[in-house]
Amino acid sequence: MSDATAKKEERRKFQAIRGTRDILPPETALWNHVEQTAHGVFSTFGYGEIRLPIFEPTDLFARSIGEETDVVSKEMYSFMDIAVPRLPRLANMITEWPWPDPTSDEEQFSAYQRCVSAFTDEYERAVADDELHPSPVNKQALQDIKDRSNTLSGTSLKDAQSKQLARESVRAIGLAVRIAEVGDYLTLRPEATASVCRAYIEHGMQSLPQPVKLYYMGPMFRRERPQKGRYRQFYQIGAEILGGTDAPGIDAEVIEMLMTFFDKCGLQGATLYINSIGHNAENCRRGYIEKLKAALEKVKDKLGPDSQRRIDTNPLRVLDSKLESEQAIIATLPHIADHLCDECKTHYAEVKRQLQVRGVLYQENWRLVRGLDYYMRTTFEITAPGLGSQNAVCGGGRYDGLVELLGGPPTKGIGFAIGEDRLILSLQESGKGQVPQGRDIYIAWMGEKAHATAIRAAKDLRKAGFSVDLPPLEQKFGKALGQADKLGAKYALILGDDEVSEGLWTLKTLSTGEQTKFTESDLLEFLRQQKNVSS
Ligand code: ATP
Ligand code: MG
């Protein structure tokens, strides 16, 4: 390989990881605009922002999202946060020790025992230092190792029987070391609802005036197949209302806020779908699921393998199927709306009535479901045009059992998560993606005196809220004006020695080529007026 090719190879090495991307200017201006709109709209509805950690214990997501979901079973970025680097090394030595057999001679035997006690000592120290957080199972494993290690220290290798006993202990220690776990399992958050609920519990927010209304925004991580509108690092803007009542007015208002936000962003053609999935009781959703199961069993052989499996594991999710061949069959299945209990039926009717009162247009979609027990009653989804098959820009619903599931008090809850990447894509596709940007003023200066004046002018203009480019090196006016054009500046402020000594500054409007002389204070006044006209 030639030096040049080797260098090229080297350069090629670093690229954003598959499914992640850099979001660059000018597109970031649109992201900021969308996020500012969220801050603005949500605060008018009385929501406060919550900033959450990017990673949490794996268990938080496993419990709240559910082990059987795609997100938990295949999409999470999980890793072991190793507390003390020596621990996994010792664990490896212990579990790999059979070569040579630790009971082959006295020397091996005592080296092995020293290794085991080093492991238990390090482990206990890490726990005492709050570096490691073993589960009851891990603790039991550590106790087993210590018990077996005690047995070993009283064992000799003299006869076949005691050697056999030692071997058994070595095997048992190997197993227990694997169970003990030398770090905490952490996961990059795939969503934020679980974290918000954890924070609600952790900070005793149930003692605040209820409900507590929170919103968040930021990156989420799921290991999915990257495609348009689907990334491994993507961004969500979401909100949750926790505590207080589950009155339909809460559901209707949260949806009203969402639609107000989309509207303010300039999103066109968004469709709101709603449904009620009742609650987890025999006279409501559970009864419906039985009927759904029975109906599915009858058409089982016409369904694909995924749906066939779901008849037993999660029949509601069959309704989610996008398989073309299954659509006609699914259309004949019973609807949950016909099997809701009276209370859930009334709740749903009132949510719909209140959406009408608020002027929010919706479509009912009986196939909109959630696969987890604690989801209940109102569910909704919003789709937007220009996104192909990834057209959901928001999903949400009521989840009254979640806080309790995570160890908190019984708490009502409802929320949504907007896919910001998809929202931005849809805005761009519809031509709404342009956010005015570019510089207001480019300062073309020549000469030492002019430089000092230019620095002061830049400071004053920026203070007045204008975006200003001040070139760091002197350049000929022609070149400077060319640069101003390329940057899309509205004006060039021309400062040469003449301008400085006369106290009259030249302002060139780049779109027309018109040049006007101003005193310093007139200039600021003129620019201010122009800005008010254009905004
Ligand atoms: P989908 O059916 O599109 O996979 P989901 O049901 O997994 O969506 P939710 O967990 O409800 O999505 O997340 C809410 C929103 O977040 C979605 O409506 C979507 O806009 C967005 N979203 C989810 N996963 C991704 C991803 N991998 N990339 C980009 N946006 C995503
Ligand atoms: Mg998904």
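The values are calculated or read from the model by the stated rules, or taken from the named source; none is laboratory data. Here the structure is a predicted model, which is why all the values come from computation and not from measurement. Don't worry about glycine lacking a Cβ; one is built from the backbone with ideal geometry, like all the others, and counts go over all protein chains shown.
General observations
- Residues that are closer than 19 Å to Glu499 by Cα and without any contact (Cβ under 8 Å) to a residue 24 or more places away in the chain within region 428-471 comprise Glu448, His451, Ala452, Ile455, Arg456, Ala458, Lys459, listed in sequence order.
Listed here are the residues, each with its yes/no results for (1) more than 28 Å from Leu406 (Cβ to Cβ); (2) polar (S, T, N, Q); (3) within 16 Å of ligand 1 (Cβ to nearest atom).
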position	(1), (2), (3)
Glu122	yes, no, no
Glu131	no, no, no
Ala141	no, no, no
Ala166	yes, no, no
Met205	no, no, no
Tyr216	no, no, yes
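- Some residue of region 15-36 being surrounded by 14 or more Cβ atoms within 10 Å (Cβ to Cβ), β-branched (Val, Ile, Thr), in contact with a Leu (Cβ under 9 Å, 6 or more places away or on another chain) and not in a helix (DSSP H, G or I): no
- Count of residues meeting criterion [small (Gly, Ala, Ser) and within 16 Å of ligand 2 (Cβ to nearest atom)] in region 351-383: 1
- Scanning region 60-100 for residues that are surrounded by 14 or more Cβ atoms within 10 Å (Cβ to Cβ), in contact (Cβ under 8 Å) with a residue 24 or more places away in the chain, away from ligand 2 (no atom under 16 Å from the Cβ) and aliphatic (A, V, I, L, M) yields a count of 8.
- Residue list for region 209-246, restricted to those being more than 16 Å from ligand 2 (Cβ to nearest atom) and without any contact (Cβ under 8 Å) to a residue 24 or more places away in the chain: Pro209
- Filter pass, Ala392 being surrounded by 15 or more Cβ atoms within 10 Å (Cβ to Cβ) and farther than 30 Å from Thr193 by Cβ: no
- The set of residues in region 99-135 being part of a loop (DSSP other than H, G, I, E, B) and over 17 Å from Met80 (Cα atoms) consists of Trp99, Pro100, Asp101, Pro102, Thr103, Ser104, Asp105, Asp129.
- Residue ranges of strands (runs of 3 or more DSSP E) in region 183-263 with at least 3 members out of contact with any Asp or Glu (no Cβ under 7 Å at 6 or more places or on another chain) and more than 17 Å from Gly397 (Cβ to Cβ): 212-221
One line per residue, one yes/no per condition, for (1) under 23 Å from Val72 (Cβ atoms); (2) modelled with pLDDT under 95:
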site: Lys228; (1), (2): no, yes
site: Gln236; (1), (2): yes, no
site: Gly244; (1), (2): no, no
site: Ile250; (1), (2): no, no
site: Lys264; (1), (2): no, no
